[in-house]
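Heads up, the thing below is written out as structure tokens.
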Amino acid sequence: MNTGHLEDELLQRYFDGELSNGSAAEVKQHLESCESCRRRHRSLERLRAFINMTVTDAAREVDFNALYGRIEAGVDKARDEKKVVSIRTRLGATLRRPVLIASVALAAAVMIIIFRTAPSEPVARGGAGRKRSERTVLVDSRSAIKLRNSEVVQVDFGANTGTVFEIALAEGVSTPVVWINDEADEMVGP
Amino acid sequence: MKRRQQIISAFIFTAAFLSATFSRPEARASESVAAEVFVILASDRDGTIAPALARISALRQPPFNGFRSMQVLQKSEIELKKGEPVTVTLPNGRRLMLKLKQQMPDGRSKVQLSINRPDQKDYLPLLEVIAKQGEPFFVAGQKYQGGTLVIGVGIGKRVSNG
Ligand SMILES: [Zn+2]
């Protein structure tokens, strides 16, 4: 660690909280004494804040307006169709902004990746084999622009049995379903 | 190297500025998140599928597309504050508890969910999901009125009451 600066990948993994306590402490110690690496760390923070802001905003606006418009329309289906139409119109209007934001985010991420992979003075201690992982680091990491799918971390079916599976919604997009094999008596009222 | 960093910084700041200009302040509050729980009664009996539901893509896929009727029984909009459980009473009297555990750096939310009879905890004691904003996940299978309850849980709807 004291022979040079922190490798990009190491810094990224520290940033993502993926290092063991020991390694994290070493990185932290280096950051405390090295302005150059601190700057790189800060730029990761800015990048993450920026991407979180834009991507989640975009997802929130686009998907939820659509989804809840649909649910609402389902609940109110006895009413006239005017409501559905107006929800669609509203959706069309709100779509433009998130798309713009997402485009800016994508452009920023792409440019940053290009800058990061451009030839530069060696900051990594690794050899040529390191280059490839550096290049993919932003794409694969927690701060990546790609929205990760929902995932079930743990489930306890208690007195029941059950299954967890995923429904594919689109290329690379899926959502989990937790299916309870309900053997209990139907329950009406508390 | 210096110049490269300046360019990167300038770009990040420009982009962040644009983003801040376009985004709403409440969207950045990270310790609470809006959520919605919607309860659908799905059944094999002849009937209609609420047209609105037919457009939720997950419900068009197996196993959900096997049902011949689907109606929305209930829809609850809630706000989840980190560590504070919120309870929704389901049509069958069971209680669905939802709790925000953590906001992930990638924008997803780690939530805990349980479904139990009042004062009991043996039905679905624990489900932990890292939920992507805007894409509901489903808890299905409870028998109810000759059909099956399909519960959709969406995380991250913006609080809109200002
Ligand atoms: Zn350094």
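The values are calculated or read from the model by the stated rules, or taken from the named source; none is laboratory data. Everything quoted here is computed from the prediction, not taken from an experiment. Every residue, glycine as well, gets a Cβ built from its backbone with ideal geometry; the counts of neighbours run over all protein chains shown. SASA here: full protein model, heavy atoms, side chains in, ligands and nucleic acids out. Shrake-Rupley method; radii C 1.70, N 1.55, O 1.52, S 1.80 Å.
Here are the numbers for the structure shown:
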item: Calculated on alpha-carbon atoms, Rg and Dmax of the range B:90-158 in Å; result: 13.1, 42
item: The range B:43-162, dipole about Cα centre (Lys/Arg Cβ +1, Asp/Glu Cβ -1), debye to the nearest 20; result: 140 debye
item: Accessible carbon and sulfur surface of the range B:39-122 relative to its total accessible area, %, 1.4 Å; result: 44 percent
item: Relative contact order, percent, the range B:68-142 [alpha-carbon distance under 8 Å, six or more residues apart]; result: 20 percent
item: Sequence-separation-based contact order of the range B:34-162, relative, with Cα cut under 8 Å and 6+ spacing, percent; result: 27 percent
item: Interface area, A with B, accessible, probe 1.4 Å, both sides summed, Å² nearest 100; result: 6900 Å²
item: Minimum 10 Å² accessible area buried by the other protein chains, the range A:152-167 residues, probe 1.4 Å, relative to alone; result: A:VAL152, A:VAL153, A:GLN154, A:VAL155, A:ASP156, A:PHE157, A:GLY158, A:ALA159, A:ASN160, A:PHE165, A:ILE167
item: Inter-site label distance for A:ASP16 and B:THR48 at 7 Å from Cα along Cβ, in nm; result: 4.9 nm
item: Cα gyration tensor category, rounded, prolate or oblate, for the range B:55-141 with a/c compared to 1.5; result: oblate
